[in-house]
Amino acid sequence: MCELYSKQETLALRRKHIGPSCKVFFAADPIKIVRAQRQYMFDEKGDQYLDCINNVAHVGHCHPEVVKAAQKQMELLNTNSRFLHDNIVEYAKRLSATLPDRLSVCYFTNSGAYHGHLSSLIEISPYKFQKGKDVKKEFVHVAPAPDTYRGKYREDHADPASAYADEVKKIIDEAHNSGRKIAAFIAESMQSCGGQIIPPAGYFQKVAEYVRGAGGVFIADEVQVGFGRVGKHFWSFQMFGEDFVPDIVTMGKPMGNGHPMACVVTTEEIAEAFSASGMEYFNTYGGNPVSSAVGLAVLDVIKNEDLQGNATRVGNYLTELLNKQKTKHTLIGDVRGVGLFIGIDLVKDHQQRTPATAEAQHIIYKMKEKRVLLSADGPHRNVLKIKPPMCFTEEDAKFMVEQLDGILTGLEEAIGAETESVISKNTPCRTKMPKEAQSELLRDSSLDPRENPSQKRNGLCTDSLLSKRLRT
C-alpha cells in the first residue's frame, strides 16, 4: 500500500491541522494503522495487532459482505430519505423485529449528536469532563452507578438493585420538592465508559417504575452494547427480563460496522406526541440508501456467522481464563462481563479496592508492545475493557491472556506485590515501588490527558495523589 506520508510526517500534519482536543491512542507513540481485516489491524510496517477494543467494527474490520453491499449501492444511488427507497424501510422492519413489539418507530441519524458535542448533551454527560458539581446544570441529576464491586452498595448487600433504585427515587422526590418535573432517565444498559458495569437484576425495572410514575420516560443507551454483543440477547437490556422494556432505545457504532449510522427507536405513542408538537424531523444522511444497505449486511453477517453464539462461547472461555488469572495476580480485583463485553478491575489492594490507575496505563502500553490493543476506562481509568470485534476467537482470547499474564507478572515483581493465590489471602500491598518502576509508570501514563485521569482533576485522582500512590 502506497502511503502519502511517513509516520512522523503524518503526526506533524495532525498536530498542525487537527485540533489539539482531538486525542490519539497511545500518545507517547501513536500507532499508524493503514489497513485492517476481521479482528486484526496492521500498521505502516506491516505489524499485526490483535484488536480487543474496537466494538465499532462489530462483525470484523472490512468484512467483505459489508464492503460489497456498500459498493453495490454506492454504484446505484445515494440520496436523502425524503425520496422513497426500499432500503430504509426494509432495514427499519428488520431492526424492529429484533426489539420488543412496542418499540417499532425508527428515527435514523448518521451518527447523532455524540455525547459532549451539543451543549444539551454535555449537560447530561458527567463522564465528559468530570470537573465537579459546579458545572452540572440544576436540571441534571446524576444517580449513583449501580456498581456492586466498587459502588455504594456492594455484593454483600442484601438487595443492591432496590438500594440503587431507591437512590433514583430520592432524586425524583428531591426534584419534585424543588418544584421540578422529571423528563427522562437515560442509562447504558451496561455501563461501558463507566467501568464495564453490569447492573444488578431488578434495578432497571424498579427505576422504570419510579421514572414513569413521575411522568418521565426510560431511555436505554445501546450504542456500545447492542447488536448481540452479550451473546444470548440481541440487546443488552433484554438480559434483565421480558418485563422490562425501555420507552426509547438509542443505537449506533456497531450498527454500520464503522460506517456512520445510528438510530433512535421508540413507541408509536411517543412518536405521535413528537409529531403533534409540530416539529419536523429530517437528517440529511440518516437512513440513506448506502447506510441502510450497510446496516442490512451487518444484520445478515450477525445471523449467518452466528456471531451471537460466538460471543457467548468465546466470552465464556475468555472470562474463565481471566478468572484463573485473578487467582494468580493480586492486581486483579474483579473480572466481570457478559459475552464479549468484559472488564478487568485493577486494584492496589483487595481490602480497600484502591484503583490501580497508573498500573492500568502501564499495562495497556505494554500490551501494545505485545501487539495487543486494550484500553482502560471507568471513573478511575483502572478498568481494562475488552470489547473486540464479534469474530474474536478462542485462540485470540488465549493469546491475549498469555500476554497479559506476562505483563502482570513483571509488574507485580517490579512493585513487590505478593503473587500467591488471592483466593485464600487478599492482603494489601505495603511494599515500596522501585524508582525505575515509578518512572516508567509516570512516563507511560502522563503524556495524554485522555489516557491520564490525573490530568483531569476529577476529584478522584490528581497529580499529587498519583505521585503519593507511587511512593507507597
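The table for this structure:
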read-out	value
Unmet requirement for A70, which otherwise passes all of (1) more than 22 Å from Y281 (Cα to Cα); (2) in a loop (DSSP other than H, G, I, E, B); (3) modelled with pLDDT of 95 or more	(2)
Number of positions in the stretch 27-47 that are touching a Lys or Arg at 6+ places or on another chain (Cβ under 6 Å) and either exposed (fewer than 14 other Cβ atoms within 10 Å of the Cβ) or in contact (Cβ under 8 Å) with a residue 40 or more places away in the chain (or both)	1
Failed item in (1) of a type in the set (G, A, S); (2) closer than 28 Å to E395 by Cβ; (3) surrounded by fewer than 20 Cβ atoms within 10 Å (Cβ to Cβ), with G333 passing the rest	(3)
Count - residues of the stretch 73-104 that are touching a residue at least 24 places away in the same chain (Cβ under 8 Å), under 30 Å from D243 (Cβ atoms) and not in a helix (DSSP H, G or I)	6
Selection status of V422, of a type in the set (A, V, I, L, M) and at pLDDT 50 or above	no
Search result, residues across the stretch 361-395 that are out of contact with any strand residue (DSSP E or B) (no Cβ under 8 Å at 6 or more places or on another chain) and among the polar types (S, T, N, Q)	T393
Selection from the stretch 354-405 of residues that are in contact with a Gly (Cβ under 6 Å, 6 or more places away or on another chain) and not small (G, A, S)	V383, K385, P389, C391
Long-range neighbours under 6 Å by Cβ, at least six apart or interchain, first residue under 14 Å from F108 (Cα atoms) within the stretch 260-275, second of a type in the set (S, T, Y)	P260/S111; M261/S291; A262/T109; A262/S111; V264/Y107; V264/T250
Flag for D405 being modelled with pLDDT of 95 or more, of a type in the set (D, E) and part of a helix (DSSP H, G or I)	yes
Checking S292 against (1) crowded, with 24+ Cβ neighbours inside 10 Å; (2) at pLDDT below 95, the condition it does not meet	(2)
Subset of the stretch 300-315 that is over 19 Å from the mean Cα position of the chain (by Cα) and assigned to a helix (DSSP H, G or I) - its residue that is surrounded by the fewest Cβ atoms within 10 Å (Cβ to Cβ)	N304
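The values are calculated or read from the model by the stated rules, or taken from the named source; none is laboratory data. Keep in mind that this is a model prediction, so the values were computed, not measured. When we count neighbours, we look across all protein chains shown, and the Cβ atoms used for this are built from the backbone with ideal geometry, even at glycine.
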